[in-house]
1. Where nothing but the Cβ of Lys and Arg (+1) and of Asp and Glu (-1) is charged, how large is the charge dipole of the chain around its Cα centre, in debye to the nearest 20?
2. Just to be sure I understand the curve: with the Debye formula and one point per C-alpha of the stretch 140-201, what is log10 I(q)/I(0) at q = 0.13, 0.22 Å⁻¹?
3. Using Cα pairs under 8 angstrom and six or more residues apart, how large is the relative contact order of the chain, in percent?
4. Taking only the alpha carbons of the stretch 57-121, what extent do you get along each of the three principal axes, in Å, biggest first?
5. Which shape class, rounded, prolate or oblate, goes with the chain when its Cα gyration tensor gives a ≥ b ≥ c as root eigenvalues, a/c under 1.5 marks rounded, and past that a/b bigger than b/c marks prolate?
6. Long-range amide H contacts for Leu172: which residues qualify at under 5 Å (H placed 1.01 Å from N, peptide plane, sequence gap of 5 or more or a different chain)?
7. Per DSSP H run of at least 4 residues, take -39500 (n - 2.57); add these up for the chain, divide by its residues and hand me the 222 nm value, nearest 500 deg cm²/dmol.
8. Just how many pairs of Lys in the chain have C-alpha atoms closer than 25 Å, counting pairs that are eight or more places apart or on different chains?
Amino acid sequence: MIRGLLDALGIERAHLVGNSYGGAAALRLALDTPDRVDRLVLMGPGGIGTTRGTPTAGLKSLLSYYGGDGPSRDKLEHFIRTYLVYDGASVPNELIDIRYQASIDPDVVANPPLQRPSGPAALRTLWRMDLTRDKRLRSLQTPTLVLWGRDDKVNRPAGGPMLLNMMPNAELMMTSRTGHWMQWERADLFNKVVVEFLSPQSALAPIGGKP
């Protein structure tokens with residue numbers, strides 16, 4: 001879908017910035033068609049080490065949101081305040097209201113973006129989602145900035161060093177007292193670092209993706 005959007009807009013090559021599931025999608029696009037991606041910024045991306053241990057409590061909560069008695073504001077508030085950020089009290093009610101209304105859009109409810117699979121399907125899904133099992137990752141030359149909150153309860157922070165050690169042109173920054181939403185919890189720092197990384201003469205990104 002991302003590649004189709006780039007085609008529709010006439011964009012041959014772009015920087016991609018993705019958080020969580022968006023980070024996994026951006027990284028897979030770079031693996032499939034590296035010529036379409038200039039630089040990557042991945043914040044606590046999904047699909048990193050998903051087969052190494054059981055899913056986190058935060059991921060279980062997220063995957064079960066549309067299950068059972070269906071979505072509710074209480075379920076979403078619990079997920080956000082308990083698992084998504086370091087300081088749950090810092091999230092304003094208005095933000096939770098906005099996210100809840102988006103989550104109950106009829107089109108979204110009819111086809112939830114994330115559902116918790118069970119049985120053999122769950123194992124197949126986690127295996128397919130684990131991008132660290134993709135051999136192409138070790139040869140991907142795309143300059144990549146990996147950002148991860150030390151206190152992320154959705155995607156394990158251990159994924160940060162994992163990507164740093166696997167990708168030839170990756171840089172890693174991890175911050176304390178930060179959960180899964182670094183771009184919101186540490187907005188000023190996030191913006192400063194990302195702007196620097198995406199600038200033409202960035203000291204963080206190898207020019208042309210070469211060491």
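Read the figures in this text as sums done on the coordinates, not as results from a lab. Just so we're clear, the structure is a prediction, and the values are computed from it rather than from any experiment. Counting neighbours? That spans all protein chains shown, and the Cβs are built from the backbone with ideal geometry, glycine included.
1. Details: 25 positive and 21 negative charges, 173 e Å.
That gives a dipole near 840 debye.
2. -0.34, -0.92
3. Numbers: 332 pairs, mean separation 50.2, N = 211.
Once normalised by length, the contact order is 24 percent.
4. Cα extents, longest axis first: 38, 27, 17 Å.
5. Values: a/c = 1.58, a/b = 1.40, b/c = 1.13.
Prolate, because a/c is 1.5 or more and a/b exceeds b/c.
6. Here Val146 satisfy the definition.
7. Values: 10 runs with 84 residues, N = 211.
So the calculated ellipticity at 222 nm is -11000 deg cm²/dmol.
8. Details: Lys60/Lys75; Lys60/Lys153; Lys75/Lys153; Lys135/Lys210; Lys153/Lys192; Lys192/Lys210.
The number of close lysine pairs in the chain is 6.
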